[in-house]
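Take a look at the structure below.
The values are calculated or read from the model by the stated rules, or taken from the named source; none is laboratory data. From a predicted model like this one, the values you see are computed outputs, not experimental measurements. No Cβ is skipped: glycine too gets one built from the backbone with ideal geometry, and neighbour counts run over all protein chains shown. For the accessible areas, the whole protein counts, side chains as well, though only heavy atoms, and no ligand, DNA or RNA atoms are used. Shrake-Rupley method; radii C 1.70, N 1.55, O 1.52, S 1.80 Å.
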Amino acid sequence: MIPVVGRRLLHQLAAAEATTLLPVTASRAYTTPSVQQQAEAATQAVAAAPRIVLQQQGEEGVSSSSSTTPTTSNSRPRWLEQLGVIRTDWTREEIAEVYHTPILDLVYNAATVHRMYNDPQMVQRCTLLSIKTGGCPENCNYCSQSSHWDDTGVKAEKLLDLEPVYQAALRAHQAGSTRFCMGAAWRGPSQIGPRQWQRVLDMVSKIRGLGMEVCTTLGMVTPEQASQLREAGLTAYNHNLDTSPEYYSKVTTTRKYEDRLTTLKAVRDAGISVCAGGIIGLGEGPQDRVGLIHQLATLPEHPESVPINRLVAIKGTPLGDTGIEPPSGLDLVRCIATARVVMPATVVRLSAGRLNLSIADQAMAFMAGANSIFDGDKLLTTANNDRNEDSIMFETLGLRSRPAFMPYASGGESSRTFDSEAAAVEAMGGSGCKAPNEEAKRAPLNSQAMAAGVGAATEASAAAAAQAAASEGGCCGGGCKA
C-alpha cells in the first residue's frame, strides 16, 4: 500500500504532467502522440506559458535587482505562484530564494517546470573540439590554455586545417552526437588574419553539411564577424559569463564583464542562438552562483542554452594550485535546478566536470532539468566521460538522444527564425545543393510541438520546410536545381 504522502506526490506529479498534455501510462513512460495531439499540445502549452518581459537592465549593462522578494496576495512567493512562466524581471532575492530551497523541493519544482517544456527522457549529445589550442592572451585563472601560466603542459598550436576538423566532426556524427562545438584559444577573431578566419567559416559550413548543429566559442566577436558566422550556417555561439559580475575580476583581469555582454548582444542581433552559462568551483560563494543565474535570466532574452560547468582543476593554473575543494554533485544539481526554474524553456547543458560523477549524480541532474551533455573522451584540454559509459548511462536511465535541429523554445524571434531556416536547409539534405535524404526528411522540424516536448514531427513538416526553402530559389535559396 502506498503511504498517504506517496499517493499525494504521485497525484501532484500526474497533475503536473497533465498540464503538458503528455500521455501518462502506468509505467510513467512517455509515448509519442498522434500528429493532431502534437499540434493541440503545442498550441495549448505555448498559450499556457506567457512571456513576461519587464527588463531589469539596459541592453548592454550589468543587471540590477530590487531589495525585496515579490509575493502574491496569499503571501506565497511569486516564483511559486508563477512556476513555469517565462519572465525576465527576476530579482536576485527571488533567485536566491529558489537556490536555497531545500534540495528535494527544489528538484521537484524544477522537474515540474522541465516537463512543461521538454521531454524529460531526451538529452542531447554534443562533441567539443579545440581547433586552436594554447597561447591565449587572456589570464583566466582556471584555464590551462592561457599564455600567462607556464607549467600547465599545454603548448601553443596553430589553427587546425579544415580536413582534420571535418573528420573529427564526421566521427562524432557517426558516434551519435548531433551538435559539434569548436573552441579556439584566442581573445577573438580580430587577432587572426583573414585567411584563418575564412578557414573557420569554412569549417562551420562544411560541418553543417553533415546535418549537425554547429556551435563555436571563439572569444569576443564584432557584429560583422557574428553576421559572417550566421551566413556560414552557425547554429549557436557559446560565450560564458563564468560567474557573477561582482566576482568576475577574481577570475580574469584582461577583459571586463561588459565585454562579454557586448559579444552576446552582437550574437543575438545576428540571429544566432546564444549559448551562455558559467562555471562553479572558482572559489565563488552561493551569492555568486545566484548572481550568475540572475544575470542570465535578466538578459533581454533568455539564452537558448545555458551550460553549467563544474571546474576541472588543472595543475599549473592558479585555481589548480590552490587546492580548492571541488563542488559536490548536489552543488551542481542545485545550480541546474535553479537555472531550470528561472529559465523554463532554455536548454540547460550538463557540461564539464562529469568525469567523477556517478550515474546517480547525473540522474539527479537530469531530473532537475539538464537536457544536454558533452560526450567523447576529451573537452578542449581536459578528460571527459567515455562514450561507452554514456551509452550505458542512457540505457540505464531510459534516456534518448535529442536530434539535431530540434527548435529551441527559448530566446527571441531572430534565433527562432534562424533555427527554422536551418531546419529547412537540413530538410534538403544539408548545406549542399542536393535532394533531401531520408534521414533529413524524418528530422523533427515542428518547433511548437518540440517546444511542448511532445515527440517528433512528421515527414509532412519536413516537406513543408523544404518547400519553403525551395520557394526562395532552389534547395539552398541560390537558384540551383536538385
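With the charge dipole of the stretch 91-402 set up from +1 on Lys and Arg Cβ and -1 on Asp and Glu Cβ about the Cα centre, the Cα lying farthest toward the positive end among the listed residues His173, Val98, Leu218 is that of His173.
Shape class for the stretch 91-402, computed from the alpha carbon gyration tensor (a ≥ b ≥ c): rounded, with a/c under 1.5. On the protein heavy atoms, probe 1.4 angstrom, tell me the percent of accessible surface of the stretch 91-402 carried by carbon and sulfur. Carbon and sulfur: 52 percent of the exposed surface of the stretch 91-402. Tell me, what is the FRET efficiency for Gln121 and Asp151 to the nearest 0.05, using R0 = 30 angstrom and their Cβ-Cβ distance as r? Calculated value: 0.10. Placing +1 on the Cβ of every Lys and Arg and -1 on the Cβ of every Asp and Glu, with no other charges, gives the stretch 175-224 a dipole of roughly 100 debye about its Cα centre. Counting only protein heavy atoms and using a 1.4 Å probe, the accessible area of Met393 comes to about 0 Å².
Solvent exposure of Arg187, expressed as accessible area, is near 90 Å², computed with a probe of 1.4 Å over the protein chains only. In this simple spin-label model, placing a label point 7 Å from the Cα along the Cα-to-Cβ direction at both Gln191 and Leu397 gives a separation of 3.6 nm.
On full extension, the segment bounded by Leu83 and Asp331 gains 87.1 nm, given 0.36 nm per residue less the C-alpha separation. Protein-only accessible surface at a 1.4 angstrom probe places the residues Asp105, Asp150, Asp361 in the order Asp150, Asp105, Asp361, largest first. Heavy-atom accessible surface of Phe394, to the nearest 10 Å², is about 10 Å², with a 1.4 Å probe and all protein chains retained. The charge dipole of the stretch 91-402, taken about its Cα centre with unit charges on the Cβ of Lys, Arg, Asp and Glu (plus for the first two, minus for the last two), comes to roughly 680 debye.
Quick check for you: with a 1.4 Å probe and neighbouring chains kept, what is the accessible area per residue of the stretch 91-402, in Å²? Computed with neighbouring chains in place, this is 35 Å² per residue.
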